[in-house]
Amino acid sequence: MSAQTASLNPAPKSEEILIRRIQDGESELFYDLIKPYQQRVYATAFAIMRNESDAEDVAQEAFLKAFKHLAQFRSEARFSTWLTQITVNEARMRKRRGRSSVEDPMTEHEDEEGNYTPRDFADWREIPSETLERKEVREKLAEALAKLGEKYREVFVLRDMQQLSIEQTAKALGISAAAVKTRLLRARLMLRDLLSPGLGGGWSSRLLFAKGNKPW
Amino acid sequence: MVVSCEEVWREISNYLEGDIEPGLHAAVEEHIRICKHCTAVMAGTKNVVTLYADERIIELPAGFDNRLRNRLEEHIRPSRGTYLGWMIAAAAALLVVGSIEVANSAPYATQELRLPHAQPGKNVPAQMVVVVSDDSKLFHTPGCRFIHDKAHERNLTASEAMHQGFTPCPRCLKKYLPDVAVFRPVTPDVGELVRLAPVQSAMH
């Protein structure tokens with residue numbers, strides 16, 4: 001987690017200097033500037049595109065666009081937010097062009113203004129982070145995320161996975177902070193419902209048992 | 001303040017974000033303490049937030065970094081005319097000039113390092129009549145006993161002989177050659193030995 005935090009928040013001072021040098025013509029430094037953001041940009045692209053090859057294309061394209069428009073970047077904005085914004089735009093554009101055939105199952109019966117009622121009340125014990133060492137669990141989490149409607153996925157990925165603030169998420173997506181909060185709540189509750197059969201029971205108790213703790 | 005289950009669900013996100021006013025916060029906690037369903041929803045949602053914060057959920061595909069670098073290199077040309085660029089060009093030019101200078105400087109260029117008989121006969125009088133023969137690359141004073149193949153010897157001037165690639169005989173023309181004492185093989189390094197080798201073998 002600390003590595004993640006560090007990678008998401010590179011020393012702003014050195015980043016500012018890098019950006020200025022690239023703007024002044026040292027374009028070969030661009031890779032150094034964007035290296036810490038590879039995972040963030042890819043994950044954002046993946047959250048919208050929902051498949052690896054499109055996500056990679058979008059990520060590469062977003063980096064190239066960022067380079068092309070770096071002269072327009074103003075230091076009062078955060079570079080990470082700016083980059084995320086470019087990625088979201090690129091992914092949305094690509095999606096519109098290709099009109100994905102995969103429907104968003106959980107966009108049905110959605111009423112953003114209405115309340116979301118949880119469907120599953122299975123009690124979850126605390127899930128230890130070691131659970132994520134199992135590929136099967138990571139895949140289940142990715143699958144559940146892919147089932148969310150696009151507007152919920154976008155908000156959830158930026159806020160809960162990329163750790164952007166509510167305001168940064170709102171800015172990157174071009175929506176209000178209130179809309180971010182509403183969508184975020186729904187995304188979290190929907191994911192919980194989607195994951196309950198596994199995480200509410202099976203996986204975590206199997207893991208606890210495997211670690212030598214009696215699950216009873 | 002008493003809150004319903006619906007109100008708790010509506011506030012779960014704000015509660016987890018710490019973005020909730022104290023009165024409501026206390027009411028939610030009180031509700032959760034007695035409501036099993038809301039405890040389950042709260043705990044599950046908290047787990048969702050914690051688990052998805054791990055960046056391993058969406059991992060970069062293998063080779064992503066390389067492919068990105070290649071793509072960037074295709075589109076981003078290194079800057080021209082920057083200070084660094086000029087410094088690199090200047091350093092490269094200096095290296096070339098420097099190498100030439102070093103190659104021309106001692107010990108590689110000093111004639112003293114060559115064997116006396118391999119010296120061009122620059123001190124031999126140009127018009128002096130000398131003798132050469134076909135199976136040797138040396139030129140001699142007439143009558144030198146070291147002339148090979150005397151049956152095919154011919155006369156010419158020292159200048160002509162040198163022009164044709166002949167070098168002075170180290171015996172009969174010794175007085176025109178640099179004194180052997182001038183020859184200073186200052187512990188030749190490997191490079192010098194390599195350079196000397198063909199000359200020495202030509203002697204035998």
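The values are calculated or read from the model by the stated rules, or taken from the named source; none is laboratory data. Computed from a predicted structure; not experimentally measured. Virtual Cβ from ideal backbone geometry, glycine too; neighbours counted across all protein chains shown.
Which of the helices (runs of 4 or more DSSP H) found entirely inside segment A:17-93 contain at least 3 residues meeting this: under 14 Å from the mean Cα position of the chain (by Cα), closer than 26 Å to A:E143 by Cα and in contact (Cβ under 8 Å) with a residue 60 or more places away in the chain? Break it down into steps so the answer makes sense when it comes.
Working: elements: A:30-34, A:38-49, A:52-68.
Of the helices (runs of 4 or more DSSP H) lying wholly inside segment A:17-93, those with at least 3 residues that are under 14 Å from the mean Cα position of the chain (by Cα), closer than 26 Å to A:E143 by Cα and in contact (Cβ under 8 Å) with a residue 60 or more places away in the chain span A:38-49.
Which of the residues that make up segment B:90-112 are surrounded by 10 or more Cβ atoms within 10 Å (Cβ to Cβ) and at pLDDT below 70?
B:V102, B:S105, B:A106, B:P107, B:Y108, B:A109, B:T110, B:Q111, B:E112
Looking at (1) modelled with pLDDT under 90; (2) at the interface with chain A (Cβ under 7 Å from one of its Cβ atoms); (3) outside any helix (DSSP H, G or I); (4) under 27 Å from A:R159 (Cβ atoms), which is the only condition B:S79 fails?
(4)
Look at A:D111 and say whether it is surrounded by 13 or more Cβ atoms within 10 Å (Cβ to Cβ), modelled with pLDDT under 85, over 30 Å from A:S27 (Cα atoms) and of a type in the set (D, E). Don't jump to the end; show me each part of the working.
Details: surrounded by 13 or more Cβ atoms within 10 Å (Cβ to Cβ): no; modelled with pLDDT under 85: yes; over 30 Å from A:S27 (Cα atoms): yes; of a type in the set (D, E): yes.
Taking the combined requirement at face value, the residue does not satisfy it.
Give the residues of segment A:160-170 that are at the interface with another protein chain (Cβ under 9 Å from one of its Cβ atoms) and in a helix (DSSP H, G or I), sorted by residue number. Steps first, answer last, please.
Here is the first cut: in segment A:160-170, the residues at the interface with another protein chain (Cβ under 9 Å from one of its Cβ atoms) are A:160-163, A:166.
Scanning segment A:160-170 gives A:D160, A:M161, A:I166.
Considering only segment A:93-108, state which residues are modelled with pLDDT under 90 and either surrounded by 12 or more Cβ atoms within 10 Å (Cβ to Cβ) or among the aromatic types (F, W, Y) (or both).
Just the residues of segment A:93-108 that are modelled with pLDDT under 90, to begin with: A:95-108.
A:K95, A:S100, A:D104, A:M106, A:T107, listed by residue number.
Can you tell me which residue in segment B:1-16 is farthest from A:R186 (Cα to Cα), limited to those that are surrounded by fewer than 14 Cβ atoms within 10 Å (Cβ to Cβ) and of a type outside the set (A, V, I, L, M)? Walk me through it before giving the result.
Step one: filter segment B:1-16 for residues surrounded by fewer than 14 Cβ atoms within 10 Å (Cβ to Cβ), giving B:1-2, B:4, B:6.
Adding the requirement that they be of a type outside the set (A, V, I, L, M) leaves B:4, B:6.
Values: B:S4: 18, B:E6: 13 Å.
Result: B:S4.
Here is a yes/no grid of residues against (1) out of contact with any strand residue (DSSP E or B) (no Cβ under 9 Å at 6 or more places or on another chain); (2) at pLDDT below 85; (3) at negative phi; (4) surrounded by 12 or more Cβ atoms within 10 Å (Cβ to Cβ):
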position	(1), (2), (3), (4)
B:H117	no, yes, yes, yes
B:G121	no, yes, yes, yes
B:D135	yes, yes, yes, no
B:H140	no, no, yes, yes
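Among residues belonging to segment B:155-175 that are within 46 Å of the chain's Cα centre (by Cα) and closer than 7 Å to B:G121 by Cβ, point out the one that is surrounded by the most Cβ atoms within 10 Å (Cβ to Cβ).
B:P168
Condition check: crowded, with 16+ Cβ neighbours inside 10 Å, more than 14 Å from chain B (Cβ to nearest Cβ) and at pLDDT below 95. Does A:E15 satisfy that? Show your work before the answer.
Details: crowded, with 16+ Cβ neighbours inside 10 Å: yes; more than 14 Å from chain B (Cβ to nearest Cβ): yes; at pLDDT below 95: yes.
Yes: the conditions hold for A:E15.
Evaluate segment A:148-166: report whether one residue or more is out of contact with any helix residue (DSSP H, G or I) (no Cβ under 6 Å at 6 or more places or on another chain) and without any contact (Cβ under 8 Å) to a residue 12 or more places away in the chain.
yes
Go through segment B:51-66 and give me each residue that's within 7 Å of chain A (Cβ to nearest Cβ) and either of a type in the set (G, A, S) or out of contact with any Ser or Thr (no Cβ under 7 Å at 6 or more places or on another chain) (or both).
Restricting attention to segment B:51-66, the residues satisfying the condition of being within 7 Å of chain A (Cβ to nearest Cβ) are B:51-58, B:60-61, B:64-65.
The answer is B:L51, B:Y52, B:A53, B:E55, B:R56, B:I57, B:I58, B:L60, B:P61, B:F64, B:D65.
Restricting to segment A:135-159, give me the number of residues that are at the interface with chain B (Cβ under 9 Å from one of its Cβ atoms) and surrounded by fewer than 19 Cβ atoms within 10 Å (Cβ to Cβ).
Within segment A:135-159, residues that are at the interface with chain B (Cβ under 9 Å from one of its Cβ atoms) and surrounded by fewer than 19 Cβ atoms within 10 Å (Cβ to Cβ) number 2.
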